[in-house]
Amino acid sequence: MRLRRTSTTALIATVALLAASVLTACGDDGDGTAVTAAPPATATEPATSPATTAPATVSEQVEAEVWFVRGERVAAVTRAVTPPAVARAAMTELLRGPGADEAAAGLSTSIPAGTALLGLRITGGVAEVDLSGDFASGGGSLSMLTRVAQVVYTLTGFPTVGSVRFLIDGERVESIGGEGVIVDPPLTRADVEGPVPAAP
């Protein structure tokens with residue numbers, strides 16, 4: 001009986017010691033409220049910056065020859081144009097005419113003012129250029145020959161173009177103007193360099 005009483009007392013003491021240890025481990029803050037440890041911080045994904053778009057790159061300009069008139073010959077000037085539609089850009093520059101400095105150097109154009117580029121398509125080495133009716137108006141034979149040569153020389157300056165077919169207001173034509181400059185079949189430089197030689 002003495003042994004059992006001693007074991008019970010020892011058991012009670014052990015339980016008390018364990019309880020005290022648990023309270024100490026929980027961190028009693030002194031006012032009877034147990035302080036529990038904060039839950040472990042959870043790892044968060046680093047903030048991702050919004051996707052950035054690379055700035056659009058402006059295509060580098062290239063040089064193209066645009067042909068005007070000096071005297072009775074066609075003569076080339078160089079204009080900067082932006083790819084990819086370089087042939088169209090060159091035609092736009094051609095229809096704009098010579099600048100002030102170029103005019104002062106003796107260059108002019110036989111293409112009537114107001115002529116508009118209505119379309120341009122290059123297929124199988126043939127540039128099909130559609131110009132407004134102004135292109136076929138006014139001027140004598142030399143004017144008609146040189147304006148046709150200006151277009152042919154300008155467009156055949158590109159390696160993808162061997163000849164030029166003319167359309168006026170969307171319709172294919174066989175000749176240009178009252179002087180009847182023949183433009184069909186499509187013209188090459190060889191077809192126009194005789195009557196309208198290029199300036200050396």
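Have a look at Ala104, Ala80, Ala75 and point out the one that is at pLDDT 90 or above and surrounded by 13 or more Cβ atoms within 10 Å (Cβ to Cβ).
Just a single option satisfies the conditions, and that option is Ala75.
Tell me the residue from Thr115, Thr146, Thr123 that is buried (at least 17 other Cβ atoms within 10 Å of the Cβ), of a type in the set (Ser, Thr, Tyr) and over 16 Å from Thr92 (Cβ atoms), please.
So the residue among Thr115, Thr146, Thr123 that is buried (at least 17 other Cβ atoms within 10 Å of the Cβ), of a type in the set (Ser, Thr, Tyr) and over 16 Å from Thr92 (Cβ atoms) is Thr146.
Any chance you could count how many residues in segment 149-175 are crowded, with 22+ Cβ neighbours inside 10 Å and either more than 18 Å from Val69 (Cβ to Cβ) or of a type outside the set (Ser, Thr, Tyr) (or both)?
Residues in segment 149-175 being crowded, with 22+ Cβ neighbours inside 10 Å and either more than 18 Å from Val69 (Cβ to Cβ) or of a type outside the set (Ser, Thr, Tyr) (or both): 7 in total.
Can you find a residue that is closer than 17 Å to Ala199 by Cβ, of a type in the set (Gly, Ala, Ser) and within 32 Å of the chain's Cα centre (by Cα) anywhere in segment 119-140?
Taking every residue of segment 119-140 in turn, none turns out to be closer than 17 Å to Ala199 by Cβ, of a type in the set (Gly, Ala, Ser) and within 32 Å of the chain's Cα centre (by Cα).
Name every residue in segment 83-100 that is at pLDDT 95 or above and of a type in the set (A, V, I, L, M, F, W, C), in order of residue number.
Val86, Ala87, Ala89, Ala90, Met91, Leu94, Leu95, Ala100
For segment 162-185, which residues satisfy the criterion of being aliphatic (A, V, I, L, M), more than 16 Å from Ala116 (Cα to Cα) and within 30 Å of the chain's Cα centre (by Cα)?
Residue satisfying the conditions is Val164 alone.
The values are calculated or read from the model by the stated rules, or taken from the named source; none is laboratory data. Being a predicted model, the structure only gives us computed values, none of them experimental. Methodologically, a virtual Cβ is constructed for each residue, glycine included, from the backbone with ideal geometry; neighbour enumeration extends over all protein chains shown.
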